[in-house]
Amino acid sequence: MSNIDENAQGKEMGLTTCPSCNKLNEQKQTHCTRCDSPLMVRDTTSLQKSWALLITAAILLIPANIYPITMLTDRGRIRHDTIFTGITHLVQSDMFPIAIILFTASILVPLLKIVGLTIYLTAISFRLPISKKMLMVGFHIIEWIGRWSMLDLFVISITVALVNMGQLLDAKPAPAATAFALVILLTQMAAKVLDTRLLWDRLESKDDKNRSTKSR
Amino acid sequence: MTKIEAPKVVKKKLFSPIWLLPLVALALGAWLGVKSIKEAGIEVRIHFPSATGIDVGKTLVRYQGLTVGKVVDISIDDELKGVNVDLKMDYRADPFLNKGTKFWLVAPKASITGVEGLDTLFSGNYIAIQPGNGESQSFFEAEENAPAILPNEDGLVIELTSETLGSLDVGSQLFYRQIPVGQVISYKLKGASEISLTAFIKKQYAHLVKKDSQFWNVSGLKIDASLSGIKIKTESLSTILAGGLSFSSSENSEIAEKGQQYKIYDNEELALGGIEFTLTADKAESASIGTAIVFRGIKIGRITDSNLTDSGVEFTAKLNTEHAELLSASSQFWLEGADLSLSGVKHAERLLTGSVINFSLGSGEPASQYPLLTEQPDKLATSKLTLTLTSESNQGIAEGAEVRYKQIAIGKVNSVKLNSSLSGIEYQIEIWPEFTQLVTQDSYFVPESALSIDASLEGVSVKTRDFATLTQGAISLIQSSSKSQVEKGATLSLFASRQTAEEHFKNQNLIKLTLSSPDGADLSSGAPVYYQKMQIGEVENVNWQTGEQSFTVNLSIQEQFSGLLKSNTVFWRNGALSVNAALTGIEIDVAPLQGALKGSITLGLLDEAEHGDQEHLYASKSLALAQAKPISLSFPADVKLSAKAPIRYHGHQVGEVESVKLDKTLENVTAKAYLYGNYAKHFTQTDASYFIVDAQISLSGITAPETLVTGPYIGVIPGKSEITSVNFVAKDTPAKQRKAGELYFTLEDNNLGSIKSGTPIFFRGMKIGQVDNYNLSATGNSVLMHAHIDSQFSHLVNQSSQFWDLSGVKVDIGLFSGAKIETGTLETILAGGIGVVTQSKTSNSNQLAADSQFTLQKQLDPEWLNWAPEQKAP
C-alpha cells in the first residue's frame, strides 16, 4: 500500500465512505452495504445548507442581542436584561470571572463561530487561498467550542426553573432567549451539515502546493 | 452487468430548500424588528409636584394592575416647581393617552377603612393611569389624589354637601340599613362654606338611592344618655373612626340620577324630613342647633339652624313628618332646661342634652313663624292666686319651692327677689286655683324647715321634712281666723317661724317701754319681765346710748298687763341670786332659771301716792322701791369704801353705794351710788358735799363707832346751788355744814398744840362749840383753826371775847409762888380744848362778823375770870 498517493482521494478510486458507519463502499452503490444508509460521494448541497443556516443564525444573532434575554421580577419590579446588559450588570456587581465566562460563551463564541463559519464557507465557496490545515483546525475549534454557547441558555433555563416566587422574585426567558438558542442551534447545524470533504476537493490543488512547499 | 441502467436524470436544484430558513429567520427578524419598533412604547411626560417615591426604571405605570409603562427619566421642571417624569408607555396604551387621561402616584396607604396599595409595599409605588377622552397628548399634569371613580367600577356617583367634613374622609362608607353600599370617594371645598363630597354607590345597590333620599352622618358614636340608661349606637367600627354616612329612601320614589346632589344631615332625626318653621327669640339662651323640640316628653323635632336677625335670633326648626300635624297656629314654644335643685333633678337628661323646646298644642292652620318663649305659658294663670310675701331676709326659700298647707302642696314660689328698696325679700307665689280659698286675710306663711332641732330645757325635739324641703325649702300657709279671702296680688308676710309669727302678731299688741340703765344689767334679748313672779313681757334689746353714756333697755309688755303701767310703776333687775342678809335673818331669792340665764326684770308698784320713774331700770328691788337716783362719786384711792356702804345725812341713810371701782389712773375710786328717790333732790346740787366717814378713835373718843362694824360710809351735806349733778368728788373729811345761827370764826396760834378737829370750845366749862378744822396760814408762820359756836350760844361770843388753850396740864413752878398746876377737865387734858370768855355784852356794835379772827392765847388771864356780862339769848 506504499504506492498509494497520500493525496489520493476515495472518489478518484471509486470509493466512498458511508457517512454513518464509515464503511468504504463503491461509488456505484447508492446505499451502504453495511448499514443501508444512503451514500453520496460528495454532498454538493451541504455548502448551500450550511450557508443558509449560517445566514439564518447571523440574522437571528441580531434579535438575540438586541432583545432582552431574561425578564427578572424582583419584588414586583420587572427588569429586562439583554445579554449585554446582563454582563454589564455582572461587571457592576464585581463578578468579573463570571462576566468573562458569560461574555465568552454568549457573545464572543457565537460571534466567532459565525465569523469563522463564514470564513470557512467563503473559503470553500470562493476557493480562497487559505491553508487547508488551518481551516480544519479552525473548523474543529468552532465545532467544539460552539456547544459551550449553550451555557447561557442553560443558566437561563435553570434559573427559570428554580427561581419562581411570583411577585417577589421570578425569572422568565425573554424573546431573545429563543433567538439566541436558535443562533446556537443553527450555527451548530451549519457546522454539522457542512460536508468537510468539499473543502478538501475544492482547495486541493493550491493547498497542496502550499503544503508541499511548506513541507519542503 | 449487461443490464444497462436507465440514465438517471438528476435535475440540479438551483436552491436547496434550506434557503427558506434564512428567509424565515429574516422574516422573523424583520417582524421582530418591526414589532419592536412598533412596541417600542410611547414617551409621555408627566409633571409631578415631587418625585418622592418615583424611581427611574423601577416605578411602573399600571392600569388595573397591568403594567403599561415605566418611568424612564425624572427631571426637574424649568420653573423648579416639580419634576417631569418621563414614562415609556406600552404602545397599546397609545389610544388612552388623551387629554382627559389622568396619572397619579399610588403609594401604600393604610387607613381605618382599609389598606390601599398594599402591593406597593413590595412592588414600590407605581403610577396609575386612568384613560380619558379628548385629543391625544403626551404631556400630563399628575393628579394629586386618585380620581374618584375608577372606570371599571359601575355604580352610582352622587354629590353630597355638608357644612363640615366631620370625620368623613375618602373611604368613609355609606350605609343603607347598616349594609355598606358605597363609599366617599372624594371631597372638596365648594365655595367657602360648603364641602362637597362625592360618593360612589356600588352598582348592585344603586337602585336604593332615590331622588328624595336623605343622607345623614353616622360618624362616631351616638350616645343616648338618659336616666333610663345609656345607649351607644354606631353603624360599624369603621364609622367610629373613619366616619360614615347612612341614608334612607322611600320606596316609591324615582331612582336617583348620576351626580344628584344631596345634603348631609347631622343625624337621622334631622334627615328624616318634617316641616320647617322658624322660631324667633330675643336671644338664643340655651337653644342652639340641635336643640330638641319635645311634646309631652317625646322628641318631635329639633332646631336645624339659627340666625341672628336685627331684633334677635331666628331659629329654623323642623318637626318630624309624623308629628307635623301637631303644629297649629296657636301652638306655643318655650324653652325648658333641666331643673337642677337639691330637691331633685327634673329632666336630668337635659343636663347632657341641653335644654329642649317644649311645645303646646293649639288650633288653626300651622304658621311659619312662632315666638320662642323663655317660660312655659301659664294657661291657668287667670285662675291662680298670686300673692306677694314679704320677709326681712330670705328664709332659705328657692324659686320653685312648694307652698304647703298641712303638708299638702297648694302652690309654688315663682320668684324670690329683693324688694325695690332693698330692705327685704319679696316672694311671688302662686296658689293653685283649688286652694285659693285657703288663703284668708291675715294668713301668713312660714318656711318649712327640713330639719328643725328644738332644744329647750324641756328636751330636744328633732323634726325632719322631706328632701325637697331640705333643698328647696318650702313655705307653709298658716291660716288666720279671718274668713275673708285675700285678693289677688295681695301682700302677706313670711315669718321665720311660727313663733316669730305669733310674736309678731303679739308684738302688734305689745306695749313698748324704754328704760335706761347705767350698765347692761346682764340683760339679753328675750329676758323676761316679771310682775309678781309672772312673766308679763320681755326685753327686746339692750342698746348703748353714747350720748347719754348709758344703756337703753327696750321692753315689751303684753297688752293685758297695760294696767300695771302706771305712774307708780318701777322696774328693777333681778339678780340670779339675791341674798339679803340682815340681823333679822337671811333671805335668799333665786330667780327662775330663764331669768338667771338671760337676766330678768321685775315690774313693781310703789304706793299709790308715789310717783315712780318708769324710765329707769333699778339695780335692785330696794333701790327701785326707794326710787333711787344714781350718782357717781369719786374718792381718793385710799378710801376704804365698799359696795352697799350707805350714804348718810346726819346719820340718816339717804342712799347707798352700788359699786366701787378703781379707775384707770389708780389714784381714784369711783363709786356708783344711789340716792333714794325722795332724798335725791336734796343731795344732787353741784355743791353738795360727799365725804367719807370712818371711825376715828382718839383720846377724846371714838367718832362714828358704828363704822367699825359696818365699814366706812359716805356722809353727805346738801348744797345750795340750783344746778344739779350726778357726779361728785368726795372729800376725805366732812365739810362743815354751816348752820344758820352758828358763829364762825378763826383762831390763830403759832402752834397747833393738841388742837385738832373736834376740839371743843368751852365757856365756863361748858362746850359751846368746837374747832372744825385747821390749816397753816398762807404765810406759814401761824396755824389757823376754824371753829364755830353753836347757834344757841352764839350770843355769848363777840368781839370782846378771848380764847385760850386749855389743852394739857400747865405746870407753873415759880420760886415764890410755888408750884401751880392748872388743868381743865380730864377731857381737855387728853383731847385738848379751848376756853373762851367775853368781856362785854354782845350788842349790835360788837357783834362778831363772819369769819373774824382771834388770837388763841396761851393761857388764861386771871382778869378774864372776872368778866361776867349778863347775856341773854336773843
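The values are calculated or read from the model by the stated rules, or taken from the named source; none is laboratory data. Fair warning: this is a prediction, and the values are worked out from it, not measured in the lab. Reconstructed Cβ throughout: ideal geometry from the backbone, glycine too, with neighbour counts over all protein chains shown. Keep in mind that these areas ignore ligands, DNA and RNA; they rest on the heavy atoms of the full protein, side chains included. Shrake-Rupley method; radii C 1.70, N 1.55, O 1.52, S 1.80 Å.
The ratio of the alpha-carbon radius of gyration of region B:477-518 to the globular-protein estimate 2.2 N^0.38 Å is 1.66.
Order B:643-655, A:62-74 from most to least packed using the mean count of other Cβ atoms within 10 Å.
Numbers: B:643-655: 17.2, A:62-74: 20.2.
Highest mean packing first, the order is A:62-74, B:643-655.
Placing a pseudo-label 7 Å from each Cα along the Cα-to-Cβ vector at B:LYS872 and B:SER721 gives an inter-label distance of 4.4 nm. With a 10 Å cut-off around each Cβ of B:53-64, the average count of Cβ atoms from other chains is 1.
By the compact-protein rule of thumb, 2.2 N^0.38 Å, the alpha-carbon radius of gyration of region A:44-197 corresponds to a ratio of 1.17. Between region B:650-667 and region B:380-454, what is the separation of their alpha carbon centroids in Å? Cα centroid to Cα centroid, the span is 59 Å.
Summed over both chains, the accessible area lost when B and A associate is about 1700 Å², using a 1.4 Å probe. In percent, rounded to a whole number, the relative contact order of region A:44-197 is 45, using alpha-carbon pairs under 8 Å and six or more apart.
Contact residues in region B:26-47 (at least 10 Å² less accessible area with all protein chains than alone, 1.4 Å probe): B:LEU26, B:LEU28, B:GLY29, B:LEU32, B:SER36. Among the listed pairs B:LYS203/B:LYS263; B:LYS512/B:LYS720; B:LYS384/B:LYS463; B:LYS283/B:LYS318; A:LYS172/B:LYS58, those whose Cα-Cα separation exceeds 28 Å are B:LYS512/B:LYS720; B:LYS384/B:LYS463. What whole number of Å gives the distance from the Cα centroid of region A:125-181 to the Cα centroid of region A:22-62? Result: 24 Å between the Cα centres. Using the Cα gyration tensor of region A:54-94, with a ≥ b ≥ c the square roots of its eigenvalues, what is the shape: rounded (a/c below 1.5), prolate (a/b larger than b/c) or oblate (neither)? Oblate, because a/c is 1.5 or more while a/b does not exceed b/c.
How would you classify region B:459-532 from its alpha-carbon gyration tensor, with a ≥ b ≥ c the square roots of the eigenvalues: rounded for a/c under 1.5, else prolate if a/b is greater than b/c, otherwise oblate?
Values: a/c = 2.68, a/b = 1.52, b/c = 1.76.
Verdict is oblate for region B:459-532.
Averaged over the residues of peptide A:48-56, the number of Cβ atoms from other protein chains lying within 10 Å of each residue's Cβ is 6.
Show me B:454-464, B:856-866 ranked by packing, highest mean number of other Cβ atoms within 10 Å first. List each step's numbers first, then the result.
Details: B:454-464: 8.8, B:856-866: 13.4.
Going from most to least packed, we get B:856-866, B:454-464.
Classify region B:372-425: rounded, prolate or oblate, from the alpha-carbon gyration tensor (a ≥ b ≥ c, eigenvalue square roots; a/c under 1.5 rounded; otherwise prolate if a/b is larger than b/c)? Oblate shape, in that a/c is at least 1.5 and b/c is the bigger or equal ratio.
With all protein chains in place and ligands, DNA and RNA left out, the 1.4 Å accessible area ranks B:THR759, B:THR304 as B:THR304, B:THR759, largest first. Shielding of peptide A:182-188 by partners, expressed as the average count of other chain Cβ atoms within 10 Å per residue Cβ, is 1. Among B:61-73, B:772-784, the peptide with the highest mean count of other Cβ atoms within 10 Å heads the list, and the full ranking is B:61-73, B:772-784.
Per residue, how large is the accessible surface of region A:44-197? Use a 1.4 angstrom probe and give square angstrom.
That works out to 49 Å² for each residue.
Across region B:424-429, rounded Karplus estimates of 3J(HN,Hα) from the backbone phi angles (6.51 cos²θ - 1.76 cosθ + 1.60, θ = phi - 60°) give x, 10, 10, 10, 9, 10 Hz, Gly and Pro being marked x. For region B:169-228 and region B:304-340, what is the separation of their Cα centres, given in Å? Centre-to-centre (Cα) distance: 27 Å. Shown in residue order for region B:766-773 are the 3J(HN,Hα) couplings computed by the Karplus curve 6.51 cos²θ - 1.76 cosθ + 1.60 at θ = phi - 60°: 10, 6, 10, x, 7, 7, 7, 6 Hz (x for Gly and Pro).
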